[in-house]
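Encoded as structure tokens, the structure appears first; notes follow it.
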Amino acid sequence: MSDPSTPVPPPAAPVAVVEPRLSPLNDVHVGLGATFTDFAGWAMPVKYSSDLAEHHAVRSTAGIFDISHMGEISVRGAEASAFLDATLAGRLSVLQLMQAKYTLLLNDGGGIVDDLIVYRTGDDEFLVVANASNRDAVARELVGAASGFDVSVDDVSDGMALIAVQGPAAQAILERTDGLAIVAGQASLAEVRYYRATAATFGDDDVFIGRTGYTGEDGFELYVAVHDAVALWSAITVAGAPLGLVPAGLACRDTLRLEAGMPLYGHELDADTLPVQAGLGRVVALAKEGDFRGRAAIEAGPADGARVLVGLVAEGRRAGRAGYAVLDADGTAVGEITSGALSPTLGHPIALAYVAPESSAVGTPLSLDVRGTRIPATVTPLPFYSRKKEATA
Amino acid sequence: MTDLTALHYTAEHEWIAVDGDVATVGITDFAADKLGDVVFVELPEVGGEVTGGTVVGEIESTKSVGELYAPVDGEVVEANQAVVDDPSLVNSDPFGDGWLVKVRFTALPDGLLDRDDYTALVGE
């Protein structure tokens, strides 16, 4: 057979790397027998045993992920909220304390520099979380945009590890994790709602916990000082073992987010794609006052006939993959797949694809060119999978 | 338990077990592990002729696609339907129940690797 390809998508832009960067949890992953992949210049675990088993564990119990390669940028100062409103596509000033928002940093053409999660961590303090591949670009753009505002922008990624615990058992696992204590007056894990955060301590150090994720399940992301990462991972693992927690790698993270219909930068999102094409028009707060980067281009809208993101489902077990052509009923190419896999949860192939607007209506019969074989596919609403919502969601 | 030292190997991560003029072909544990969980296998038709070095099938995991090369010239005498029905056999038993095809051949090609060569190649 041919050399098996690396199972995780490459970063959006070439990264000049001599030696891969190592997570603060690298020794833990090595000890667990992980298989590693290069992701945006980082050597990160792609799987520990079976990517399918890890995927199913997150859907049924829980998985623990090391996503320390993500970038964290601190924005603080008297004009922090005004600065973010003027720089990012969303209205961040309306965020309440310990609330999070999914937002975008746009370029002058309205294309996407990165998709971000922004937490309000204080009245004049925000934490901007960027994709690993775009961390430097986001930090550079924010620093560049900060002149004229009473604000300081600091890339704090190097001091921070990020551990995600995702799955229906996530809350119970963190509640029984030794040494992890919610700060008095802050929301308990049961109380903290989706896209909200709470503050905890682990030993003598602070842990910031957001109820967010990239899997389509309930779950938390824990921001912790690098020197606490191994101890916190171990404590969570010990607490979670009886509840079915398993270490989970980037391979299953990708199939989980695909099932949940979540875009991946470099696949569904890039510098030439406008948010509305990606189904993210709602993320751009055109109602807010004042200019922000990319506003004029967003208001002008995409070119006539610009392709739009759709979900596609097919039968059988043969998946369409990124780069494969999407054909209409006449066999004319009308689009291209950006992410695709045999859905582990659903048991049939799913794909995200950009297609011509006239081929984008739900129910449109299309086909996928899978290495010369045409596989019938149908446009379907996103997400492909959604969990049964609990009261906290 | 398969005697791994009795097998031939290719640089394309296939193994070949020779019994008379029939070669049983599979992929190695190294290849199966690199692919990840195999979810789809396409094998050549029984009775068809295959040419060494050409693509005769596909092995797909959740995230990637591997091509199966015929390591020898010959006629396909059997394809493993159990693997088509349950592709996870490629991961769970790559040298045993996860075999892929049997090919009746006239001559083995030059350049096949022995176990030591192969383990040196993959660095294990």
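The values are calculated or read from the model by the stated rules, or taken from the named source; none is laboratory data. Keep in mind the model is a prediction, meaning the values are calculated, not measured. Because the Cβ atoms are built from the backbone with ideal geometry, glycine has one as well, and the counts that use them run over all protein chains shown. With ligands, DNA and RNA removed, areas are computed over all heavy atoms of the protein, side chains included. Shrake-Rupley method; radii C 1.70, N 1.55, O 1.52, S 1.80 Å.
Some values worked out for this structure:
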| read-out | value |
| --- | --- |
| Restricting the stretch B:80-124 to residues that are among the polar types (S, T, N, Q) and buried (at least 17 other Cβ atoms within 10 Å of the Cβ), the residue that is farthest from residue B:28 (Cα to Cα) | B:80 |
| Residue that is surrounded by the fewest Cβ atoms within 10 Å (Cβ to Cβ) [pool: residues in the stretch A:365-387 that are of a type in the set (A, V, I, L, M, F, W, C) and within 14 Å of chain B (Cβ to nearest Cβ)] | A:375 |
| Within the stretch A:340-355, considering residues that are outside any loop (DSSP other than H, G, I, E, B) and away from chain B (no Cβ under 11 Å), the one most open to solvent (accessible area, probe 1.4 Å) | A:354 |
| Residue in the stretch A:31-49 that is farthest from the other protein chains (Cβ to nearest Cβ), counting only those that are at pLDDT 95 or above and part of a loop (DSSP other than H, G, I, E, B) | A:32 |
| Selected residue (criterion: most open to solvent (accessible area, probe 1.4 Å)) from residues of the stretch B:57-79 that are among the aliphatic types (A, V, I, L, M) and at the interface with chain A (Cβ under 10 Å from one of its Cβ atoms) | B:65 |
| Answer from A:111, A:148 - the residue that is away from chain B (no Cβ under 14 Å) and free of Cβ contacts under 8 Å to residues at least 24 places away in the same chain | A:148 |
| Candidates B:120, B:82, filtered to the one that is touching a residue at least 12 places away in the same chain (Cβ under 8 Å), under 28 Å from residue A:49 (Cβ atoms), of a type in the set (A, V, I, L, M, F, W, C) and more than 14 Å from chain A (Cβ to nearest Cβ) | B:82 |
| Residues of the stretch A:320-329 classified as at pLDDT 95 or above and assigned to a loop (DSSP other than H, G, I, E, B), total | 6 |
| Extreme residue, farthest from the other protein chains (Cβ to nearest Cβ), among residues of the stretch A:288-321 that are of a type outside the set (Lys, Arg), closer than 21 Å to residue A:349 by Cβ and open to solvent by 20 Å² or more (accessible area, probe 1.4 Å) | A:308 |
| Residue B:54 vs. criteria more than 14 Å from every other protein chain (Cβ to nearest Cβ), at pLDDT below 95 and open to solvent by 40 Å² or more (accessible area, probe 1.4 Å) | no |
| Contacts under 8 angstrom Cβ, first residue in the stretch A:264-290 being β-branched (Val, Ile, Thr), partner surrounded by fewer than 17 Cβ atoms within 10 Å (Cβ to Cβ), 6 or more apart | A:276/A:301; A:283/A:102 |
| Selection status of residue A:327, within 14 Å of chain B (Cβ to nearest Cβ) and over 23 Å from residue A:106 (Cα atoms) | no |
| Any hit, the stretch A:236-258, residues being surrounded by fewer than 21 Cβ atoms within 10 Å (Cβ to Cβ), touching a Gly at 6+ places or on another chain (Cβ under 8 Å) and within 14 Å of chain B (Cβ to nearest Cβ) | yes |
| Residue in the stretch A:77-99 that is within 22 Å of residue A:220 (Cα to Cα), outside any loop (DSSP other than H, G, I, E, B), open to solvent by 10 Å² or more (accessible area, probe 1.4 Å) and in contact with a helix residue (DSSP H, G or I) (Cβ under 7 Å, 6 or more places away or on another chain) present | no |
| Hey, residue A:285 modelled with pLDDT under 95, closer than 17 Å to residue A:105 by Cα and open to solvent by less than 30 Å² (accessible area, probe 1.4 Å) or not | yes |
| Hey, residue A:387 at pLDDT below 95 and under 20 Å from residue A:216 (Cβ atoms) or not | yes |
| Matching residues, the stretch B:14-37, being over 18 Å from residue B:79 (Cα atoms), under 13 Å from the mean Cα position of the chain (by Cα) and open to solvent by 10 Å² or more (accessible area, probe 1.4 Å) | B:29, B:30 |
